[in-house]
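Below is one structure, written out as structure tokens; comments come after it.
Bear in mind these aren't lab numbers, they're just calculated from the coordinates by the rules spelled out. Bear in mind that the values here come from a model prediction, so they are computed numbers and not experimental data. Glycine also receives a Cβ, built like all others from the backbone with ideal geometry; neighbour counts cover every protein chain displayed.
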Amino acid sequence: MARVWRTLLMLGLMLASPGWAPPAAAEPSAQAAFRAVLLKYDQRADVEADTGRLRTLASERAAELAQVLGQGLAFSGWDLILSGSEATPMGGIFVRLHDATPNAPRSVRPTYWNSGPGAIMRQAEITPKSTLHGPLALLKRGTVVVVSGNFFPGDNGGPFYESARISFQDREVERARFRMPYFSIRIEEIREVFPERRFP
């Protein structure tokens with residue numbers, strides 16, 4: 001009986017400790033599969049010189065990503081890192097999220113953000129009325145978060161994305177679509193993996 005009480009006491013102290021947090025859940029299989037598709041097509045695009053072939057690869061990648069995500073292009077419980085945030089003129093919040101795993105040199109670096117052109121930006125913005133606004137405003141850059149939501153559909157059936165224009169050469173423009181894609185997402189839930197204690 002004494003041993004049981006000691007075990008319960010130790011567990012209680014661990015839970016009460018500000019430096020203790022439960023272990024992170026296993027990575028969702030869909031996130032790992034999504035990343036694998038990005039890496040596969042980035043490697044294929046790296047050896048292509050023909051812009052037409054690069055566009056074909058982009059369409060093939062879109063189809064595979066749509067298959068990974070399934071109906072509604074939804075995702076749940078993805079582990080990401082908050083890389084930046086900015087306030088909108090109307091008091092909303094746009095955030096940029098990175099997948100920290102593919103961080104080797106020359107590796108594809110996807111960005112997930114709740115923004116995009118036109119109607120996507122209006123639908124993705126976290127407004128001051130959103131229940132996500134208050135908690136999200138407190139998050140710091142570099143915070144590890146768990147995110148759920150959905151991607152916006154693109155014209156080719158896969159998730160909509162843009163890419164940084166780093167060159168005026170057609171080949172480099174098409175290549176950037178594989179190396180540095182910006183995927184537009186609608187965030188339904190976001191929480192810290194290791195939440196900090198905040199005092200009034």
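Just a few scattered comments:
- With both labels modelled 7 Å from their Cα along Cα-to-Cβ, the residue 101 to residue 144 distance reads 1.4 nm.
- Note on region 26-192: with charges restricted to the Cβ of Lys and Arg (+1) and Asp and Glu (-1), its dipole about the Cα centre is near 240 debye.
- Extension gain, residue 32 back to residue 48 (0.36 nm per residue minus Cα-Cα distance, nm): 3.3 nm
- A simple rule links phi to the HN-Hα coupling: the Karplus curve 6.51 cos²θ - 1.76 cosθ + 1.60 with θ = phi - 60°, which for region 156-163 gives 8, x, x, x, 5, 8, 10, 8 Hz, with x for Gly and Pro.
- Our summary gives region 26-192 a relative contact order of 28 percent, counting only alpha carbon pairs under 8 angstrom and 6 or more residues apart.
- Potential lengthening between residue 130 and residue 156 on full extension [0.36 nm per residue; Cα-Cα distance subtracted]: 6.3 nm
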